[in-house]
1. Highest first, please rank the peptides 72-80, 34-42 by the mean number of other Cβ atoms sitting within 10 Å of their residues.
2. Using the Cα atoms as the points, what is the convex hull volume per residue of region 1-94 in Å³?
3. Using a Gaussian network for the chain with springs between C-alpha atoms less than 10 Å apart, which of these wobbles most: Ser172, Ser106, Ser50?
4. Dimensions of region 191-254 along principal axes (Cα, Å, largest first)?
5. Can you tell me the accessible area per residue over the chain, all protein chains present, probe 1.4 angstrom, in square angstrom?
6. Please give the FRET efficiency for Lys105 paired with Lys177, using the beta carbon to beta carbon distance and R0 = 45 Å, rounded to the nearest 0.05.
7. Give me the percent of accessible area attributable to carbon and sulfur for the chain, probe 1.4 angstrom.
8. For the chain, with only Lys/Arg (+1) and Asp/Glu (-1) charged at the beta-carbon, what is the dipole magnitude about the Cα centre, in debye rounded to 20?
Amino acid sequence: MDINVFYGILIPFLGTSAGAACVFFMKKNLNEQIQRALTGFAAGVMVAASIWSLLIPAIEQSSGLGKLSFVPAAVGFWIGVLFLLLLDHMIPHLHQNSDKAEGPKSKLQRTTMLVLAVTLHNIPEGMAVGVVYAGYLTGHAQITIMGAMALSIGIAIQNFPEGAIISMPLRSEGMGKTKAFAGGVLSGIVEPIGAVLTILAAGLIVPALPYLLSFAAGAMLYVVVEELIPEMSAGEHSNIGTIFFAVGFSLMMILDVALG
């Protein structure tokens, strides 16, 4: 494997781990307004990445279909949305600031379900990184190593607060610092695994690349609308989440265009 690809796959995971390490330096849980701002920022990065790094390249790679070049992007997008909907119903998990678990009934601990909720939305992020690097490895002109790296950096930036958002509540639930850190790291390990599996799948079926790109976009946007936007908008001062959504969106857009 290309060494740049290896580093690119690991960058988002390192972002999560660095965020989770905040548990060693911060005494209290994250301030609600800070958490809202970070959630909005993460949502903005994911929406911009879905458009610039995934859907637009998917449509460009299908340009040979003429006016039907939208078909692979639209089909892949819907499969991604339905896949996350299925996972949402199959995996017991608990969102931040909620006392009601989602998915099937289970006797899992509250802390375990908090980790599962973050793990669930890290899956499409890992796939997004993997499919972009797969596009680079298969020689598609629309995807450069710098464009792929832009996506890795963007997701790593938004993974940093996510790592903190998961490890800090685990600590406040009574977990030791090391265990809370491990929980945060564990939630991010699915990203490099998902990336490698996606690269392997795309390598086997190169024509499927536009479908895989848009699949990752659909899955990411499902997470944004189902989870992140409600979290950043709940209660008072929802404009903080909105402003940071715009910051995350514009930063990811700049990264993708400037590096891609």
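1. 34-42, 72-80
2. On the way: hull volume 15.7 nm³, N = 94.
Measuring per residue, one finds 167 Å³ for the Cα hull of region 1-94.
3. Ser106
4. Here the Cα extents, ordered largest to smallest, are 49, 25, 20 Å.
5. Working: 11710 Å² over 260 residues.
Computed with neighbouring chains in place, this is 45 Å² per residue.
6. Working: r = 31 Å, r/R0 = 0.69.
Result of the calculation: an efficiency of 0.90.
7. Values: 8390 of 11710 Å².
That fraction is 72 percent.
8. Details: 11 positive and 15 negative charges, 111 e Å.
Around 540 debye, computed over the chain.
The values are calculated or read from the model by the stated rules, or taken from the named source; none is laboratory data. This structure is a prediction, so every number in the text was calculated from the model and none was measured. Note: ideal-geometry Cβ built from the backbone for every residue, glycine included; neighbour counts use all protein chains shown. Only protein heavy atoms, including side chains, enter the accessible area calculation; ligands, DNA and RNA are left aside. Shrake-Rupley method; radii C 1.70, N 1.55, O 1.52, S 1.80 Å.
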